[in-house]
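Below you'll find the structure, written out as structure tokens, and then a few comments.
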Amino acid sequence: MKNQRFLLIDEATSSLDATTEKAVQAGLKKILPDDMSALIIAHRLSTLRICDKIIMLNNNKDGGYVEAEASTLKELAMISPDLKRMADDQELTL
């Protein structure tokens with residue numbers, strides 16, 4: 001990963017226990033310098049806490065995919081009923 005500017009992370013924590021997920025998140029914070037961007041794809045919302053921009057995708061009736069975007073999960077939950085439901089289902093305090 002030497003001198004990379006972009007990293008794609010797809011469901012990196014989907015089958016991890018909470019302790020290991022936390023360790024992976026800490027590791028990502030270490031390896032993602034300020035000048036590197038990452039696209040993190042996740043269904044487990046707690047994985048997204050390290051992100052500075054979160055986009056909720058959903059195939060909507062207009063044929064588009066971006067349902068909402070925000071800087072935090074809490075902000076996104078106020079905009080997106082689907083994200084709020086997912087957070088509730090995952091018993092995630094926002």
Rounded if a/c is under 1.5, else prolate if a/b beats b/c, else oblate: with a ≥ b ≥ c from the C-alpha gyration tensor eigenvalues square-rooted, which is the chain? oblate
Sequence-distant or interchain residues sharing an amide H contact under 5 Å with Ser37, placed H: which? Phe6, Leu7
Below 8 Å between Cα atoms, with a sequence gap of 6+, how large is the relative contact order for the chain in percent? 22
If you count only protein heavy atoms with a 1.4 Å probe, what accessible area per residue comes out for the chain, rounded to a whole Å²? 72
Highest mean first, how do 31-42, 58-69, 78-89 rank when packing is the count of other Cβ atoms within 10 Å averaged over residues? 78-89, 31-42, 58-69
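Express the carbon and sulfur contribution to the solvent-accessible surface of the stretch 47-94 as a percent, rounded to the nearest whole number, probe 1.4 angstrom.
Numbers: 1660 of 3340 Å².
That fraction is 50 percent.
The values are calculated or read from the model by the stated rules, or taken from the named source; none is laboratory data. Bear in mind the structure is a predicted one, so any value in this text is a computation, not a measurement. Note: ideal-geometry Cβ built from the backbone for every residue, glycine included; neighbour counts use all protein chains shown. Just the protein is used for accessible areas: all its heavy atoms, side chains included, with ligands, DNA and RNA removed. Shrake-Rupley method; radii C 1.70, N 1.55, O 1.52, S 1.80 Å.
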